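The next block holds one structure in the form of structure tokens; read it before the comments.
The values are calculated or read from the model by the stated rules, or taken from the named source; none is laboratory data. Computed from a predicted model, the values in this text were never measured in an experiment. With ideal geometry, Cβ positions are generated from the backbone for all residues, glycine too; neighbour counts draw on all protein chains shown.
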Amino acid sequence: MLKILIADDHAIVRKGLRQIILEEYPAAFIGEASEAATLIHEVMNQRWDVVICDMNMPGRSGLDALGQIKQVNPTLPVLIMSMYPENQYAIRVLKAGAAGYLSKDSVHEDLVKAIQMVLKGRKYITPGIAEQLADSVHRNDRKMPHETLSDREFDVFKLLASGKSVSQIAEEISLGVTTVSTYRARILQKMNLPNNAGIIKYAMEHNLF
């Protein structure tokens, strides 16, 4: 029996994805998780054929969860979905070990194709992502400032760019205020930015919202 786990903090999104999957695979068993902790628990305690995970969830990001999933089960295909632009996030999640990247704008059209692809042991890569991958090979020596950030730093960067304070971020991703402040300092240093306003300006100029 095909077993697919959907992780998203919005029940309506999980319901919609479930319906799409069952139309193509009526006998499939669909599991659900509303937060990263539940997702990790399910991966550690059950066998799954595919995981579909939102990049932004309470407690821990999908990128953070992806790293732990790859430690627990390196061969389990994980499709990361997000409302963020493909041209800014797809390469990062693929490098982190995802089997594919799905934009929420087109997930209804692409989901089944992506599942079929990863069940064959292949990655789901759109023509746009393939072009980005080719470009990245030629510019490895000149990364954009945000591309130098670690996955956790990038999570904090996004939240700072959305206007959230250090204390708000600490609560949202379950880290100490001091730890988040350290990440913020690293981000400013790596990206050569003066303050949070600089982070917001950079994110707007590079369409990172």
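Miscellaneous remarks
- Within the range 43-58, the residues that satisfy the criterion of being touching a strand residue (DSSP E or B) at 6+ places or on another chain (Cβ under 9 Å) and at pLDDT 90 or above are 43, 46, 47, 48, 49, 50, 51, 52, 53, 54.
- When the range 42-58 is filtered for residues that are outside any helix (DSSP H, G or I) and either aromatic (Phe, Trp, Tyr) or loosely packed, with under 15 Cβ neighbours inside 10 Å (or both), the ones remaining, listed by number, are 46, 47, 48, 58.
- Meets criteria (within 27 Å of residue 149 (Cβ to Cβ), surrounded by fewer than 16 Cβ atoms within 10 Å (Cβ to Cβ) and touching a helix residue (DSSP H, G or I) at 6+ places or on another chain (Cβ under 6 Å)) for residue 78: no
- Scanning the range 164-198 for residues that are touching a residue at least 12 places away in the same chain (Cβ under 8 Å) and either under 20 Å from residue 9 (Cβ atoms) or under 17 Å from the mean Cα position of the chain (by Cα) (or both) yields 169, 172, 173, 174.
- The condition of being more than 22 Å from residue 74 (Cβ to Cβ) and of a type in the set (D, E, K, R) does not hold for residue 120.
- Residues being in contact with an Asp or Glu (Cβ under 6 Å, 6 or more places away or on another chain), part of a strand (DSSP E or B) and at pLDDT 90 or above - total across the range 93-127: 1
Residue by residue, here is whether (1) closer than 27 Å to residue 173 by Cα; (2) out of contact with any helix residue (DSSP H, G or I) (no Cβ under 9 Å at 6 or more places or on another chain); (3) of a type outside the set (Ser, Thr, Tyr); (4) touching a residue at least 60 places away in the same chain (Cβ under 8 Å) holds:
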position	(1), (2), (3), (4)
11	yes, yes, yes, no
15	yes, yes, yes, no
24	no, no, yes, yes
43	yes, no, yes, no
48	yes, no, yes, no
61	yes, no, no, yes
82	yes, no, no, no
94	yes, no, yes, no
110	no, yes, yes, no
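Here is a yes/no grid of residues against (1) aliphatic (A, V, I, L, M); (2) within 15 Å of residue 152 (Cβ to Cβ); (3) in contact with a Gly (Cβ under 8 Å, 6 or more places away or on another chain); (4) outside the structural domain of residue 152 (by TED's automatic domain parsing):
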position	(1), (2), (3), (4)
26	no, no, no, yes
29	no, no, no, yes
37	yes, no, yes, yes
40	yes, no, no, yes
46	no, no, yes, yes
55	yes, yes, yes, yes
58	no, no, no, yes
68	no, yes, no, yes
75	no, no, no, yes
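- Among the criteria (1) touching a Lys or Arg at 6+ places or on another chain (Cβ under 9 Å); (2) without any contact (Cβ under 8 Å) to a residue 60 or more places away in the chain; (3) closer than 21 Å to residue 207 by Cα, the one residue 90 does not fulfil is (1).
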